[in-house]
Amino acid sequence: GERLILEPLGDDEARELIDRALGAPLDAEARELVVRHAEGNPFFVEEVLSDLLDRELLALSNGRWALGEGALTIPDSVQGVLAARIDLLDPSAKDALLSAAVIGRSFSTAGLAALVGSAAEVRTLVERGFVRPTEPELVFKHALTREVAYGALPKAERARRHAAYADWLQGEDASDGVASKLAYHYAEAVEPAIADLAWRDRDQDAARLRASALRWVRRAA
């Protein structure tokens, strides 16, 4: 297959992308700040703008965007910007996002509700630009968003959520069609490096999950 190499955006292209993304011109000071941080990465441009809007540091007046009042700091990496934006979510929306990340790049509202009790926060996650609705599931807008959200969960909690999702999924559909998903989630639930911490004083749960992991890995194979 062909290999396509995408060059970084030039400064003029980045400036044009900024104005298009905001729907109105951004003042020179703020625009150069974004251009300097994004270093030609269009995803970084989008996330920096979203971060500034989330923190209400951009104000629209007379058809132009400008920096508002307040201390202005922008993380030096797109991962840092994503982590900062995730931390700005209210606790229930943040928990929903982290749980969705455990499920995978795409997830269903039913699967999310199985982990957090409700899929009500999906609307907030869509509005903030973390995920987008597709059919039949929702999907993280960018793989890196899912990666950063997943990394925000302590490893032991990650394992427990993998187990909870696998148990729910097995109850919903235990066909060979989902064998690879069940194998993945059960295996992550009992990953040796963290299993002792995740299932401390819960030996029966750990044994059940190990057996489930082995069973579904064999079926997936």
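I'm trying to understand the selection: among the residues of the stretch 17-33, which are outside any helix (DSSP H, G or I) and open to solvent by less than 30 Å² (accessible area, probe 1.4 Å)?
Residues satisfying the conditions are Ala24, Leu26.
So that you can scan it fast, the table gives a plain yes or no per residue for (1) of a type in the set (Asp, Glu); (2) surrounded by 15 or more Cβ atoms within 10 Å (Cβ to Cβ); (3) closer than 16 Å to Ala114 by Cβ:
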{"residue": "Leu153", "(1), (2), (3)": "no, yes, no"}
{"residue": "Arg161", "(1), (2), (3)": "no, yes, yes"}
{"residue": "Tyr165", "(1), (2), (3)": "no, yes, yes"}
{"residue": "Leu169", "(1), (2), (3)": "no, yes, yes"}
{"residue": "Ser175", "(1), (2), (3)": "no, no, no"}
{"residue": "Ile194", "(1), (2), (3)": "no, yes, no"}
{"residue": "Ala198", "(1), (2), (3)": "no, yes, no"}
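For the stretch 183-192, does any single residue satisfy the condition of being open to solvent by less than 50 Å² (accessible area, probe 1.4 Å), within 30 Å of Val48 (Cα to Cα) and not in a helix (DSSP H, G or I)?
no
Would you be able to tell me the number of residues in the stretch 152-172 that are in contact with a Lys or Arg (Cβ under 9 Å, 6 or more places away or on another chain) and either part of a loop (DSSP other than H, G, I, E, B) or closer than 11 Å to Leu98 by Cα (or both)?
2
Can you tell me which residues in the stretch 193-207 are out of contact with any Asp or Glu (no Cβ under 9 Å at 6 or more places or on another chain) and not in a helix (DSSP H, G or I)?
Selection gives Arg200, Asp201, Arg202.
Can you find, within the stretch 115-146, the residue that is least open to solvent (accessible area, probe 1.4 Å) among those that are without any contact (Cβ under 8 Å) to a residue 40 or more places away in the chain and among the small types (Gly, Ala, Ser)?
Ala119
Counting only residues that are open to solvent by 40 Å² or more (accessible area, probe 1.4 Å) and either within 22 Å of Ala187 (Cβ to Cβ) or without any contact (Cβ under 8 Å) to a residue 12 or more places away in the chain (or both), which one in the stretch 95-114 is nearest to the chain's Cα centre (by Cα)?
Among those residues, the one meeting the criterion is Arg105.
I'd like to know if the stretch 177-189 contains one or more residues that are out of contact with any helix residue (DSSP H, G or I) (no Cβ under 8 Å at 6 or more places or on another chain), closer than 30 Å to Gly80 by Cβ and of a type in the set (A, V, I, L, M).
Scanning the stretch 177-189, I find no residue that is out of contact with any helix residue (DSSP H, G or I) (no Cβ under 8 Å at 6 or more places or on another chain), closer than 30 Å to Gly80 by Cβ and of a type in the set (A, V, I, L, M), so the answer is no.
Evaluate the stretch 65-75: report whether one residue or more is on the phi < 0 side of the Ramachandran plot, modelled with pLDDT of 90 or more and open to solvent by 50 Å² or more (accessible area, probe 1.4 Å).
no
The values are calculated or read from the model by the stated rules, or taken from the named source; none is laboratory data. Small disclaimer: the values here were computed from a predicted structure and weren't measured. We place every Cβ from the backbone using ideal geometry, glycine too, and count neighbours over all the protein chains shown. Accessible surface areas use protein heavy atoms only, side chains included; no ligands, DNA or RNA. Shrake-Rupley method; radii C 1.70, N 1.55, O 1.52, S 1.80 Å.
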